[in-house]
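The values are calculated or read from the model by the stated rules, or taken from the named source; none is laboratory data. On a predicted model such as this, the values are computed, not experimentally measured, just so you know. In this analysis, Cβ positions are derived from the backbone assuming ideal geometry, glycine residues included, and neighbour counts consider all displayed protein chains.
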Amino acid sequence: MYAIFTALIFFFVVIGFATYYVQRGIGTMAEPMRQFGLFLLNKAPAGVVDLFNDDKGSGSKTWMNLGMIWLTFAAIGTFLALWHDYDGSALDSLASIGWEYDDGSSLNTFVDLTLITGLTSILIGGGLVGAARAGAGRLASEANASLTALLFSVLTISSMLLPTILGLILDLSAANEAFIQDLFMHALRSFIIIAVMINVLLTVGQRKSEIVSASNWFLFMALASFIFGSQFRFFGELASSTQTVWLGERMSQSWTLIALIFAVAYHVVPRAASRPIWSDSMTKASLLLLFLTLPPFMLSTADAGTLLENIGAILMTLALLPILAGSVNILLTSFGNASGVVSRPGALAATLAMVFFPLYALGGYFTSLDVFIGLGALNDMAETVDIGFMWTVGGLMAVACVAESYPLAGNRQLASPSSASLSTMLIAFGGVTSTVAKLMGDFTEKALLDSGSEDVVMTDGGFSLTAAVLFYFGSIGIILLFLNLIRTSIGGMKIDTSTTTSSDISRYSMQPGESSIRKLLQRGVGVDTILVVGEDVEDEGGMTIIDVSSTLHNDEIDEFPVEKNELELLSDYLEKKEMSIYEFFRSIDLDDSGLIDGYELQQALRSAEIADLPPWDVTKLMEFVDLDGDGRVNLPELDIAIARVRSGLSEEE
């Protein structure tokens, strides 16, 4: 018992200091530490990082690409495992190529390993997209993110092949093989995630506001839980401390997976719904309580005294609160713009995941509590709920990553939204129905065993067959999702984020002197506009945007009168509502990134009934407010723009 409390105190002390400095910064040491962190990411191991692409979004895409590969193998393995519960000799015809089906333990181990690796990888990729948006639009080192993704998968493959290799080369005992396998799976993996953590911290450190978004906090805590949990498992095995190993398992599995799910959901849903998070207090409650309780998933016997078991049972009961708070918070956020969420398959999948999340948590509570205290009567049911949770909630969040985060990382449109919607329906249907069918079979088997009658014939095979057939729909959904990801990666239409070269100005008169193409484009000139040098175009009176003289585009005055008009209306709106610019900025910053893009600004002006601007006018307005030219607006830039309008000063002044 003391080992668990000591490990937890150490974890929370380190995390407490880390969160404080993440929020407040480290003062004058920030730049030296940043340079040192970038050196570690880009130079260690020497020369290897240079082999990977450092383009924007490439690191997040690599994590999601590899995650979908693992999920596809896991889907196939899960279907085979369910089918073999019904008929263990189904694939005996493959014995000629080495197939051997024992009691199902090897196949179940394969499913657990590939499923957890796949979900972890794809959710980390989705979380990295949110972290990049909060920073400078890209990770501190995209190449290092790709390298860590590859190493994470390589270690998974090594851990699968290592026992066989060691059995052929060395005559090691099972305990020594398990120890070496733990070294690969836990100790080395934690070092990989440390590199990801450094990358995330450096990226979030580039944010242009004092706010760290909820998505980034969940990602930070998920990575920290994985790092400490993996180290606790390794050193616990080394010191033969079963309680430390048990704690490490909970941290690196349930804490990490749930935090990653919330990290993606808190980024995807508000952006799709065009609404800020419904309740900041519920966000903080779900973030805090999650890591102070014992989630009812993937539990094993505590093997401890009565006191620790009682504390664990209380914490498991309280664990329903952060799951319920986070799910309800995201659902209410999506209800603010239900039509917008339904029209986007990724956001719809994340919303459905939040619907099923509390239901699986409730089922896991009743089954895992029996496992935790060591009764063992509901072991099969608890395992069924765990697998169902990962495939239903985790699978839907995988759709959210592929349909929302992946196109954002690759700057491409989703290849087939209809296919993504179909994947959502298939995964949700297959996950829920197969879980129910398998639970019915487990309950039937338990009831027959408890009856003690030797004449009763076990009839749960029919339920296993039904569960396999129903899960087949989910496996097809995963395969369709993987194909959609491939099509998006290699054939998705590029999203044009450059300044448009089309214009309604037919003729433009330039005065003698110097200019540049960029300035002309900023003034509204298009590629088909006729340039007249040395004379003004005669205006026939009235307002027109067809023939424009360069005298109307002097650098010393506001370029776009329509932009100043909109800002004046916004200033009047803020005064009327007695709302500060900070409060307005927070309300339109849908993903809490500290930056707003053109879409968020367009939706804010529309919802406030200030203006319903077309995309080209939004682009001009963004260029007027965006002082540093990064394509997004931060709080100081919006504050300066409103102050300039209220004081009547020009842009140059």
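If I filter the stretch 610-618 for residues that are modelled with pLDDT of 80 or more and of a type outside the set (A, V, I, L, M), do I get at least one hit? Scanning the stretch 610-618 turns up no residue that is modelled with pLDDT of 80 or more and of a type outside the set (A, V, I, L, M). Within this structure, residue 164 fails the test of being at pLDDT 90 or above, in the same structural domain as residue 196 (by TED's automatic domain parsing) and either in contact with a strand residue (DSSP E or B) (Cβ under 7 Å, 6 or more places away or on another chain) or of a type in the set (S, T, N, Q) (or both).
Restricted to the stretch 1-54, and to residues there that are β-branched (Val, Ile, Thr) and farther than 29 Å from residue 149 by Cβ, the residue that is modelled with the lowest pLDDT is 28.
If you go through the stretch 351-366 and keep only what is surrounded by 24 or more Cβ atoms within 10 Å (Cβ to Cβ) and either free of Cβ contacts under 8 Å to residues at least 24 places away in the same chain or among the β-branched types (Val, Ile, Thr) (or both), you end up with just 351.
Note on the stretch 372-383: residues that are closer than 17 Å to residue 320 by Cβ and either in contact with a Phe, Trp or Tyr (Cβ under 6 Å, 6 or more places away or on another chain) or at pLDDT below 85 (or both) total 1. Report whether or not residue 321 is surrounded by fewer than 21 Cβ atoms within 10 Å (Cβ to Cβ) and of a type in the set (A, V, I, L, M, F, W, C). So residue 321 passes the test. A single entry from 273, 222, 263 fulfils the requirement of being over 23 Å from residue 147 (Cβ atoms), outside the structural domain of residue 605 (by TED's automatic domain parsing) and either surrounded by 24 or more Cβ atoms within 10 Å (Cβ to Cβ) or without any contact (Cβ under 8 Å) to a residue 60 or more places away in the chain (or both): 273.
Scanning the stretch 555-593 for residues that are buried (at least 16 other Cβ atoms within 10 Å of the Cβ) and outside any helix (DSSP H, G or I), we see that the one that is modelled with the highest pLDDT is 589.
Across the stretch 113-147, the qualifying residues are those that are surrounded by fewer than 24 Cβ atoms within 10 Å (Cβ to Cβ) and closer than 17 Å to residue 407 by Cβ, and the one among them that is modelled with the lowest pLDDT is 137.
Before we move on, is residue 500 part of a helix (DSSP H, G or I) and modelled with pLDDT under 90? So residue 500 does not fit the description; no.
Between 367, 333, the distinction of being polar (S, T, N, Q), assigned by TED's automatic domain parsing to the domain that holds residue 214 and closer than 30 Å to residue 451 by Cβ belongs to 367 only.
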